[in-house]
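> Could you have a look at this structure, given as structure tokens, before my questions?
The values are calculated or read from the model by the stated rules, or taken from the named source; none is laboratory data. These figures come from a predicted structure and were not determined experimentally. All Cβ positions, glycine included, derive from the backbone under ideal geometry; neighbour counts span all protein chains shown. Ligands, DNA and RNA are stripped out before the accessible areas are found, and what is left, the full protein with its side chains, is counted by its heavy atoms. Shrake-Rupley method; radii C 1.70, N 1.55, O 1.52, S 1.80 Å.
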Amino acid sequence: MTSLPLDPARIRAQFPAFSEPSLQGQAFFENAGGSYTAQAVLTKLDHYYRATKLQPYGFYPASQAAGAAMDLSFERIAQALNVSSDWIHFGPSSSINTYVLGKAFGEHFQSGDAIIVTNQDHEANTGAWRKLASLGIEVREWAVDSQTGRLSLDALDALLDAKVRFVAAPHCSNVVGEINPVAEIAARAKAVGARTIIDGVSYAPHGLPDLAALGVDIYFFSAYKVFGPHQGIMAVRPELAMALPNQGHFFNDAKPRYRLTPAGPDHAQIAASSGIADYLETVAEIAGNSVPGDNAFRRAHAAMRAQEVALSAPLLDYLRQKNTVRIIGPADPELRAPTIALLLDEPGAAVAARLANHGVMAGGGHFYAWRLMQALGIEPNHGVLRLSFTHYTTPAEINQLITALDAELK
């Protein structure tokens, strides 16, 4: 394995889970379902519940401190994404956020408008948009290659015209894992006057992206998969957010934070989310000058990706040699996130259950990518075995996984 830019011991010291007695010896390979939570987040969550668990933005000091802690999270998450704080919206989950957006776009569009969705997505970034067909919106499917699971830009070009209002696509699939060329997707959409809605849920745990560089209009992800609390975060271009019909209380129409998140996200979890940015700055500090980047967040992104590519390489080398295994997506670690799905002769869940006997925590199923499974010729209820990790995984855990797979894969 090539040298790692991040010292695993220093990284893992930022996560209480790695000191938890009940988790000792357990190698965590289900990070795509939710990551461990950083201490920086837990400290802020604990403080909010202890000191400021009351109505924020009031007239007394504790209430003002609560509001200030929430405001800080809007500012810090925006800073990490390289946008202004008026882009940021917190909601209960990514699925709820897209459902609300779908309703807003349904009220905004006219019959005869067209949208483009993929069948590579988690259902949260395709199902909500497909429902617009009942309102007379034309839904065009950007389909994956049935063998590779890849989304071709040529196929996208064939769907784009002046009728298209937005393109909804994943930064990377939670099954295929290939990193899609988001900046190129956004540029192609913009060329015909369309917006881009990018699902970053499966990409963001591997480094929060620079949204200004990507040129997208909406980017959403789940904080609990990015070392934070169980909430969904959306970045929405401010002029678009104000142009969409208000989905909250009528008297909050002029308040950007209220218009697209009517469900009232948990105040404490919003306040704790600034800890995600704090943690990423710690990652950059640990990486030092070993990676490029013009600020801490870009260096953290680069270090996390380099760490994960190095960790993925021996696992993918091993899997390529197994004739009974079909790797979904590219086998080149440079092209993908470390979310590696395998099609096996037996259901993925059955193998995941046996891996638990080896101290390996993994997942099996369709992972809400039902349409993708069908496109790849996989029975969704048979599903895949999914092995997903992030930069805090160690080389020893990769070896533990390979040993377990060698015992269980026939």
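> Scan the range 296-358 for trypsin sites (Lys or Arg not before Pro) in coil per DSSP, keeping those whose Cβ has at most 16 other Cβ atoms within 10 Å, and list them by number.
Counting only loop positions with at most 16 other Cβ atoms within 10 Å, the trypsin sites (Lys or Arg not before Pro) in the range 296-358 are K322.
> Among G363, G25, G215, determine the one that fluctuates most according to a GNM of the chain built with springs between C-alpha atoms less than 10 Å apart.
G25
> Given the convex hull of the Cα atoms of the chain, what is a quarter of its surface area in nm²?
Working: hull surface 79.7 nm².
The Cα convex hull of the chain, projected and averaged over all directions, gives 19.9 nm².
> Near E138, within a Cβ-to-Cβ distance under 14 Å, what is the net charge of the other residues, with Lys and Arg +1 and Asp and Glu -1?
+2
> If we count chymotrypsin sites (Phe, Trp or Tyr not before Pro) as exposed when they sit in a DSSP loop and have at most 15 other beta carbons within 10 Å, what is the longest stretch of the chain that avoids them all?
60-410
> Quick check: convex hull over the Cα atoms of the range 1-70, volume per residue in Å³, rounded to an integer? It would help to have the intermediate numbers written out before the result.
Details: hull volume 10.2 nm³, N = 70.
Hull volume normalised by residue count: 146 Å³.
> Next question, about the same structure. Over the chain, what is the percentage of antiparallel beta bridges among all DSSP beta bridges, to the nearest 5?
In the chain, approximately 50 percent of DSSP beta bridges are antiparallel ones.
> Determine the shape class of the range 219-287: with a ≥ b ≥ c the square roots of the Cα gyration tensor eigenvalues, call it rounded for a/c under 1.5, and otherwise prolate if a/b is greater than b/c, oblate otherwise. Provide the component values of the computation, followed by the final result.
Working: a/c = 3.00, a/b = 2.07, b/c = 1.45.
It comes out prolate by the Cα gyration axes.
> Roughly how many percent of the accessible protein surface of the chain is carbon and sulfur, given a 1.4 Å probe and a whole-percent answer? Display every interim value, and only then the final one.
Details: 8420 of 16020 Å².
Answer for the chain: carbon and sulfur cover 53 percent of the accessible area.
> Using the Kirkwood radius over C-alpha pairs as Rh, can you work out the diffusion coefficient of the range 103-203 via Stokes-Einstein at 25 °C, viscosity 0.890 mPa s, in µm² per second?
Using the Kirkwood radius from Cα pairs, D works out to 182 µm²/s.
> How much solvent-accessible surface does M234 expose, in Å² to the nearest 10, with a 1.4 Å probe and all protein chains in place?
0 Å²
> May I pose another question? Counting each DSSP H run of 4 or more residues in the chain as -39500 (n - 2.57), what helix-only mean residue ellipticity at 222 nm follows after dividing by all residues, to the nearest 500 deg cm²/dmol?
Numbers: 16 runs with 162 residues, N = 410.
Computed ellipticity for the chain at 222 nm equals -11500 deg cm²/dmol.
> Quick one: Cα centre-to-centre distance for the range 148-176 and the range 5-58, in angstrom?
35 Å
> Once you've got the GNM for the chain with C-alpha springs shorter than 10 Å, pick whichever of A133, A114, A27 has the biggest mean-square fluctuation.
Checking each option, the largest mean-square fluctuation is seen for A133.
> Let me ask another. Leaving out ligands and nucleic acids, and using a 1.4 Å probe, what accessible area per residue does the range 314-356 come to in Å²?
Numbers: 1750 Å² over 43 residues.
Ligands and nucleic acids excluded, the figure is 41 Å² per residue.
> In the range 143-244, what % of DSSP beta bridges are antiparallel (nearest 5)?
DSSP beta bridges in the range 143-244 are roughly 45 percent antiparallel.
> Build a GNM of the chain with springs between Cα atoms under 10 Å: which of A158, A353, A337 gets the top mean-square fluctuation?
A158
> Measure of size requested: the Rg and Dmax of the range 286-410, with Cα atoms as the atom set and Å as the unit; please supply both.
That works out to 15.7, 47 Å for Rg and Dmax.
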